[in-house]
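Below is one structure, written out as structure tokens, with a few remarks after it.
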Amino acid sequence: MSEVYEILVVGGGPGGLTAGIYGSRARLKTAILEKGRPGGQAASTMEMENYPGFFNESSGPGIMKEFAAHAEKFGTSIIKGTVVDVDLEGPIKTVKTSDGQEYKAHCVILSPGAEPRSLNIKGEGKLRGKGVSYCATCDADFFEELDVVVVGNGDAAIEEAMYLTKFAESVTIIVIHDEGVLDCNKASAEKAFKNKKLNWVWNSVLDEIIGDEIVELVKVKNIKTGEVTDMETNGVFFFVGTVPKTEFLKGKGVEMTEQGYVVVNEMMETNLPGVYGAGDSNAKYLRQVVTAAADGAIAAVAAEKYLAELETFREQVLESPVPVLLAFWAPQIEKSMAAITVLESVVEKTGGKVALAKLDTYRNKKTSANYKVETIPTVILFDKGEVKGRLEGDFTAADVEKLI
Amino acid sequence: MIDLTKENFDAEVLESEGVVFVDFWSPKCEPCMGLLPDVEAFAEKNAGRAKFCKLDTAGNKRLAIAQKVMGIPTFVFYKNGEKAFVFNKDEIEMGAVQAKLDELLG
């Protein structure tokens, strides 16, 4: 495939879509690979009241449609594909999808997102899609006039439980904490405690889900007393956190935490040059639409700077018609300033036969790393894009003349 | 693809000879909507080999529950009116669905 994207985004959730908006507005050739419809987990979250500016009659799917339209308006291509393999280590990165397509890019932004965690309780796997669910917007309809149980007490659990009360006859929330203690935000907790259709079971966990072909009964265990109680129910919804969808990145050189979250710095850079992370798959403190969007913006801007650095380097050094001395310097290292003066005088004497390019190593860490520059100053001689020689540390005009 | 309702479900699926594929979906379900273009392409590619149907569970809840489907997307293959294989939402992968169809057609 001849087409090389400037920015290729893996995953079209809020992080990926925002990276698309910033990338395409920077007039970079930007594409997003998304396996389903854009929007990520937010597209399956009906009740969403914490994205700034959207609180009246807004919903997760509605806001995500706007995100996608926004990215496409500025020229981002949203391509359908499930990413199965990546090669991110070279200057041109390759991303493969399950339909056998290969995509190439200078920069890759990884935003595959996360998915609901399963607890692997007895019966949970067997009864998936038969009363066990992780998606209220998908399955709430089935439980009209029926009774359901919700496991979890974070934002997602409490907000989705309230959504379920619009359908189900009763919603019973199993909470591991003491009475009145919830992990969700206070606004949602206050609303939930006033909701008459919600029942609460405190200090408890789910022990087992029982049903022949569909859910019939759950066993609820009180963790204080150890007592196990049977409760008849028609459905069980789990909202007990998420796990990153980064399986395809294992062994590909990207640094990840033990749990599989992508490690990034404040510029959203991973350990690999030109590879960034955004959204819920990043190792970070708060996983929300607003923070995913922020990650996406930062990653796209960092990618833009990286591409500009590569471009300058290509024009001034690799494609120069005459040999080039590339000086790696830093404003805070006096020795490197002196070296620049030496180089300038040598180059001037050649009368245009050799050019000088200067690279601030603090601003251009990627290029410095690519050429394994550890000493400042370092000077590398390039001719027709190839390295012909290098000097490190203290060098004199005579050394430089000898080099060229 | 044939749109199933409680009026035609028995005739099109349970009383039908051969292999019948049913996509249990609903417009409110984002993962279902994400899959729909793939399902339609799958049906088109295999047209004539089996019968391809979809059931919007929003208006046909009882019918879905009677088929032991209480979560979507769910794909069910029927053969000569009997349930032959079920793909629950986490198991759906179009390559595997195609392989199952080929297997059922023998």
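The values are calculated or read from the model by the stated rules, or taken from the named source; none is laboratory data. Just so it is clear, the structure is predicted and the values come from calculations on it, not from any experiment. Positions of Cβ are generated from backbone atoms using ideal geometry, with glycine treated the same way; all protein chains shown enter the neighbour counts. Please note that ligands, DNA and RNA were not included when accessible areas were found on the heavy atoms of the full protein model with its side chains. Shrake-Rupley method; radii C 1.70, N 1.55, O 1.52, S 1.80 Å.
Some points to look at:
- Measuring nothing but protein heavy atoms, the accessible surface of the protein assembly as shown at 1.4 Å probe radius is 50 percent carbon and sulfur.
- Surface/4 of the Cα convex hull for chain B, nm²: 5.8 nm²
- Local charge for residue A:207 was computed over the other residues whose Cβ lies under 9 Å away, with Lys and Arg +1 and Asp and Glu -1, and equals +2.
- Using θ = phi - 60° and Karplus 6.51 cos²θ - 1.76 cosθ + 1.60, couplings along region A:93-100 (whole Hz; Gly, Pro as x): 9, 10, 10, 10, 10, 5, 8, x
- Excluding ligands, DNA and RNA, the accessible surface per residue across region A:191-288 is 52 Å² with a 1.4 Å probe.
- Cys residues of chain A counted as unpaired, since no other Cys beta-carbon is under 4.7 Å: A:107, A:184
- Per-residue Karplus couplings for region B:91-96, computed as 6.51 cos²θ - 1.76 cosθ + 1.60 with θ equal to phi - 60°, are listed in order as 8, 6, 8, 4, x, 5 Hz, Gly and Pro entered as x.
- With Cα atoms as the point set, region A:342-393 shows a radius of gyration and Dmax of 11.7, 31 Å.
- 5 angstrom amide H check on residue A:283, placed H, neighbours 5+ away: A:262, A:263, A:264
- In degrees, nearest ten, helix A:155-164 long axis to first principal axis of chain A (Cα): 40 degrees
- Surrounding net charge for residue B:72, when Lys and Arg each add one and Asp and Glu each subtract one, Cβ distance under 14 Å: 0
- Segment residue A:122-residue A:333, extension gain: residue separation times 0.36 nm, minus the distance between their alpha carbons: 69.6 nm
- Selected from A:299, A:195, A:90, residue furthest toward positive end of dipole (the protein assembly as shown; charges at beta carbon): A:90
- Here r is the Cβ-Cβ distance between residue A:250 and residue B:40 and R0 is 45 Å; the resulting FRET efficiency, rounded to 0.05, is 0.85.
- Region A:256-404, relative contact order in percent, only Cα pairs under 8 angstrom and at least six apart counted: 20 percent
- Close amide H pairs (under 5 Å, H built 1.01 Å from N) link residue A:117 with A:240, A:241, A:242, A:243, residues at least 5 positions away or on another chain.
- Angle of helix A:14-25 to the longest C-alpha principal axis of chain A, folded into 0 to 90 degrees and rounded to 10: 40°.
- Chain A: relative contact order as a whole-number percent, Cα under 8 Å and 6+ apart: 15 percent
- Between the C-alpha center of region A:281-300 and that of region A:90-123 there is a gap of 17 Å.
- Karplus (6.51, -1.76, 1.60) ³J(HN,Hα), θ = phi - 60°, over region A:261-273, in Hz, Gly and Pro reported as x: 7, 7, 8, 10, 9, 6, 8, 6, 7, 8, 6, 9, x
- Here is the P(r) of region A:283-346: all C-alpha pair distances, binned every 5 Å from 0, give 3, 13, 13, 13, 14, 12, 9, 9, 7, 5, 2, 0 in whole percents.
- Over region A:258-404, volume per residue of the alpha carbon convex hull, in Å³: 119 Å³
- Expressed as a fraction of 2.2 N^0.38 Å, the value expected for a compact globular protein of N residues, the C-alpha radius of gyration of region A:65-201 is 1.44.
- Chain A contacts chain B over a buried accessible area of about 2200 Å², both sides summed; the probe is 1.4 Å and only protein chains count.
- Chain-alone versus full-assembly comparison, region B:61-80, residues with accessible loss of at least 20 Å² (1.4 Å probe): B:61, B:65, B:68, B:70, B:71, B:72
- Diffusion constant of chain A at 20 °C, which comes from Stokes-Einstein with the Kirkwood Cα-pair radius and 1.002 mPa s, µm²/s: 88 µm²/s
- Accessible area (Å², per residue) of region A:1-102, counting only protein heavy atoms and a probe of 1.4 Å: 47 Å²
- Point-to-point label distance, residue B:3-residue A:225, nm (Cα→Cβ direction, 7 Å offset): 5.3 nm
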